[in-house]
Amino acid sequence: MALLLFGVAFSGMKAQTMYVRPITGTQSSYGVATIKNLTFSNGNLVVTNLTGGKVIWTQVK
């Protein structure tokens, strides 16, 4: 019974997306499930994905 309720409760879940928009530039999106961690270094946002790749954002709104 609990397993059935668990399945019903989460069947409507949708993938979540994080959007990053620098002050000057184009907005980018990341699937939350693909992000390993988010850190801030010297005022920059560093997005690390599950494969170890990093994207560094400066001047993020």
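Values quoted throughout were computed directly from the atomic coordinates according to the rules given, and no laboratory measurement underlies them. Quick caveat, the model's predicted, so the values are computed rather than measured.
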Once phi is turned into ³J(HN,Hα) by the Karplus curve 6.51 cos²θ - 1.76 cosθ + 1.60 with θ = phi - 60°, what whole-Hz value does each residue of the stretch 39-47 show in order, with x for glycine and proline? 9, 10, 9, 6, x, 9, 8, 10, 9
Using the scaling law 2.2 N^0.38 Å as the reference, what is the normalised Cα Rg of the stretch 21-61? 1.13
For the stretch 53-58, Karplus-derived ³J(HN,Hα) couplings (6.51, -1.76, 1.60; θ = phi - 60°; whole Hz; x for glycine and proline) come out as x, 10, 10, 10, 10, 10
